[in-house]
Ligand SMILES: [Zn+2]
């Protein structure tokens, strides 16, 4: 292994770039493997697999020393750097699922969903990682193409910069050569999905999101989204009289019913196909709530109504 002690010349991180993407681009600059860089920073190379989720806390500091890039910016290249906005905390605990998904109630009445303890669980962290990418973003960069953290998470459907859907990439995230030869045809993103994704990008970029009656903290937005996903996936026996309303939202989203595995799982545990359907149905529910075509039975549906009915944010207010 050839290791470098200092990296005086390195590519700057791209906006929204995942840590593994940036490290790979640095490694290519020095003709090394990314694992060699991780080892050179004093970490076991096997930990490189978790670079985009929860890398060791000291890694960002070591990288900052080598590159001069702000440590907070490096932390934000991994899911753990978005605590407590996007995730609750970096150490999973048995109560995290309930805390994250049951703080709000939008479609279903408060207290109707069964208490579930899922451990280990981290919001938006897929158990079966899948890569998607924006064809335009890839086409406008040079190899090794940077890829974004958001493309690795079951949280968005599109690239709001280019207004197209993210496309599945079935090979390694670090190698888009197949798209250089035969790029996918970009598909325009429907307005309903774009509206939700634009808010998510706004949350990541500014820490605030504009809802119909008020601005809310990014943490509120992500928990509202995750709440609606959970409600749309609640077994119909638990929904009781609200079951027909839940099925109606799925039909409005373009699906004859809730498709996918019969056994309940958290959003993060499903296949990418099911996760994308969950996101489409969630965007549809939000559009229906905001156009008053749907009256949510939970008190926090007020977040999607005009100012006079605005809901108090709770613990994620401020900062
Ligand atoms: Zn793009």
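Laboratory data are not the source of any read-out in this text; all were calculated from the coordinates shown. Quick caveat: nothing in here was measured; it's all calculated off a predicted structure. Neighbour counts run over all protein chains shown; Cβ positions are idealised from the backbone, glycine included.
Listing for the model above:
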{"quantity": "Net lengthening on full extension, residue 185/residue 210 (0.36 nm per residue, minus Cα-Cα)", "calculated": "5.8 nm"}
{"quantity": "Computed label-point distance, nm, for sites residue 265 and residue 248 using a 7 Å Cα→Cβ extension", "calculated": "3.1"}
{"quantity": "Alpha-carbon centroids, segment 101-179 and segment 28-80: separation in whole Å", "calculated": "21"}
{"quantity": "Share of alpha-carbon pairs per 5 Å distance bin for segment 164-235, given as whole %", "calculated": "3, 13, 17, 16, 16, 16, 11, 7, 2, 0"}
{"quantity": "Alpha carbon convex hull of the chain, volume per residue in cubic angstrom", "calculated": "134"}
{"quantity": "Mean Cβ neighbour count within 10 Å, used as a protection proxy, ranking 105-113, 15-23 highest first", "calculated": "15-23, 105-113"}
{"quantity": "222 nm mean residue ellipticity, helices alone, for the chain (DSSP H n ≥ 4; -39,500 (n - 2.57); rounded to 500)", "calculated": "-10500 deg cm²/dmol"}
{"quantity": "Rough spin-label spacing in nm, given labels placed 7 Å along Cα→Cβ, for residue 31 and residue 237", "calculated": "6.4"}
{"quantity": "Taking 171, 263 and counting other C-beta atoms within 10 Å, the order from fewest to most", "calculated": "263, 171"}
{"quantity": "Highest average packing first - 62-72, 275-285, Cβ atoms within 10 Å", "calculated": "275-285, 62-72"}
{"quantity": "Folded to 0 to 90 degrees: helix 272-290 orientation relative to the chain principal axis, Cα", "calculated": "50"}
{"quantity": "Overall dimensions of segment 19-80 as given by Cα atoms, namely Rg and Dmax in Å", "calculated": "10.3, 28"}
{"quantity": "Ranked 303, 97, 176, criterion: other C-beta atoms within 10 Å, fewest first", "calculated": "176, 97, 303"}
{"quantity": "Neighbour-count order for 286, 138, fewest beta carbons within 10 angstrom listed first", "calculated": "138, 286"}
